[in-house]
Amino acid sequence: MSLSLAQQLSEAASFIRTRYPYQVETGVVLGSGLGHFTKDMEEVVSIPYADIPHFPISTVAGHSGALLLGKMGGKRVAVLSGRFHYYEGYTPGQVVFPIRVLRKLGVGTLLISNAAGGMNAGFRVGDLMLIRDHISFFIVNPLIGPNDSDLGTRFPDMSQPYDKDLQRLVHSIAREKGISLKEGVYCGVTGPTFETRAEYKLLHLLGGDAVGMSTVQEVIAAVHVGMRVMAMSVITDMGIREEENTITHQEVLQAAAEAEPKLTALFVGVLQAL
Ligand code: HPA
């Protein structure tokens, strides 16, 4: 007999607690090319996703696929190093399973990063964009299906998925550290194709400043379970350049890696301030 979602979450969380028995209040999701964040963590316990009951397994290059628990910025954190994308063929429920496990572990605040294509003409490759809001394009909502009311309500409010106080905090940390920080609306698409020129133009016309293939489903699941969310995009390519241009995954990873120290500095600043 297959286990209910609640039972799967319990088994995953119980297993993790046997390996790391401390209370963890903050979770971090690392996007493409942003996995080095974990090198400054202390007292780390690393659990490969494959070892955690019911966890999906990460397949994409640039995602190592482990849950790291330890200290960063003086706080205990649970870091999802490697995420599950809808385009890999995972169900929306699998994509958000790790987020729900974090909640089960007691995580109340979630810091998310991703690589995204810039559409706002004021952006440049390597910029950081704090996500103020998002638009989901053709993404299957991960809450479709029976609602587990122990997780959250059937019809979650999405008027403010990204916590205002956390946004203010990030802006003030960026000012303090002299890191230039853009802000904008993230468009979530399925991928795995990058956008056509016409699609970039359309998404921008509809209010998007950046576009990427992750985050939206995770944020929906996090809001559903009542987490405070902060999310940030590293702009790895510009989708509205007039000249001929192509994008490769390699270029995305490279640009993300180059911008990573700034992103890490901001995330550590938030952890210290929490
Ligand atoms: N489009 C979609 N996803 C992305 C992009 C992009 O231009 N860059 C990085 N992830």
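The values are calculated or read from the model by the stated rules, or taken from the named source; none is laboratory data. Computed from a prediction, not measured in an experiment: that's the story for all the values here. Cβ sites come from the backbone with ideal geometry, for glycine too, and all protein chains shown count toward neighbours. When the accessible area is computed, the model is the full protein with side chains, heavy atoms only, and any ligands, DNA or RNA have been set aside. Shrake-Rupley method; radii C 1.70, N 1.55, O 1.52, S 1.80 Å.
Worth pointing out:
- Close pairs (8 angstrom Cβ cut-off, 6 or more residues apart or separate chains): within 25 Å of ASP237 (Cα to Cα) and within 16 Å of the ligand (Cβ to nearest atom) in segment 96-121, at pLDDT 95 or above and among the basic types (Lys, Arg) anywhere: ASN120/LYS182
- Test for GLU176: is it modelled with pLDDT of 95 or more and open to solvent by 60 Å² or more (accessible area, probe 1.4 Å): yes
- Test: residue in segment 240-254 that is touching a strand residue (DSSP E or B) at 6+ places or on another chain (Cβ under 7 Å) and assigned to a helix (DSSP H, G or I): yes
- Output for segment 1-36, where each listed residue is among the hydroxyl-bearing types (Ser, Thr, Tyr) and touching a strand residue (DSSP E or B) at 6+ places or on another chain (Cβ under 7 Å): TYR20, TYR22, THR26, SER32
- In segment 159-193, the residue that is nearest to the ligand (Cβ to nearest atom) out of those that are among the aliphatic types (A, V, I, L, M) and not in a helix (DSSP H, G or I) is VAL189.
- Of everything in segment 238-274 that is within 10 Å of the ligand (Cβ to nearest atom) and within 14 Å of GLY31 (Cβ to Cβ), the residue that is surrounded by the most Cβ atoms within 10 Å (Cβ to Cβ) is ALA256.
Yes/no matrix, rows are residues, columns are (1) closer than 22 Å to PRO56 by Cα; (2) open to solvent by 10 Å² or more (accessible area, probe 1.4 Å); (3) in contact with a helix residue (DSSP H, G or I) (Cβ under 6 Å, 6 or more places away or on another chain):
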residue	(1), (2), (3)
GLY73	no, yes, yes
ARG76	no, yes, no
TYR86	yes, yes, yes
ARG100	yes, yes, yes
LEU105	yes, yes, yes
MET129	no, no, no
ASN141	yes, yes, no
SER149	no, yes, no
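- Enumeration of residues in segment 205-214 that are more than 12 Å from the ligand (Cβ to nearest atom), farther than 20 Å from LEU181 by Cβ and in contact (Cβ under 8 Å) with a residue 24 or more places away in the chain: LEU206
- LEU34 falls short on exactly one of the conditions (1) more than 19 Å from ARG103 (Cα to Cα); (2) open to solvent by less than 10 Å² (accessible area, probe 1.4 Å); (3) modelled with pLDDT of 90 or more; (4) aliphatic (A, V, I, L, M), and that condition is (3).
- Scanning segment 1-55 for residues that are over 27 Å from GLY188 (Cβ atoms), in contact with a Phe, Trp or Tyr (Cβ under 6 Å, 6 or more places away or on another chain) and either in a strand (DSSP E or B) or free of Cβ contacts under 8 Å to residues at least 24 places away in the same chain (or both) returns a single hit, VAL45.
- LEU111 out of contact with any Leu (no Cβ under 7 Å at 6 or more places or on another chain), open to solvent by less than 10 Å² (accessible area, probe 1.4 Å) and under 16 Å from VAL225 (Cα atoms): yes
- When segment 194-212 is filtered for residues that are part of a helix (DSSP H, G or I) and under 11 Å from GLY239 (Cβ atoms), the ones remaining, listed by number, are ARG197, ALA198, GLU199, TYR200, LYS201, LEU202, LEU203, HIS204.
- Applying a threshold of 6 Å to beta carbon distances and a minimum spacing of six or more residues, or different chains, the list of pairs starting in segment 183-197 at a residue that is under 14 Å from VAL219 (Cβ atoms) and open to solvent by 20 Å² or more (accessible area, probe 1.4 Å) and ending at one that is within 11 Å of the ligand (Cβ to nearest atom) and of a type in the set (Val, Ile, Thr) is empty.
- Of the candidates ARG228, ARG154, ARG168, the single residue that is surrounded by fewer than 20 Cβ atoms within 10 Å (Cβ to Cβ) and under 16 Å from the mean Cα position of the chain (by Cα) is ARG228.
- Pair list, Cβ < 6 Å and 6+ apart or interchain, from segment 215-232 residues that are outside any helix (DSSP H, G or I) to residues that are open to solvent by 10 Å² or more (accessible area, probe 1.4 Å) and polar (S, T, N, Q): ARG228/THR109
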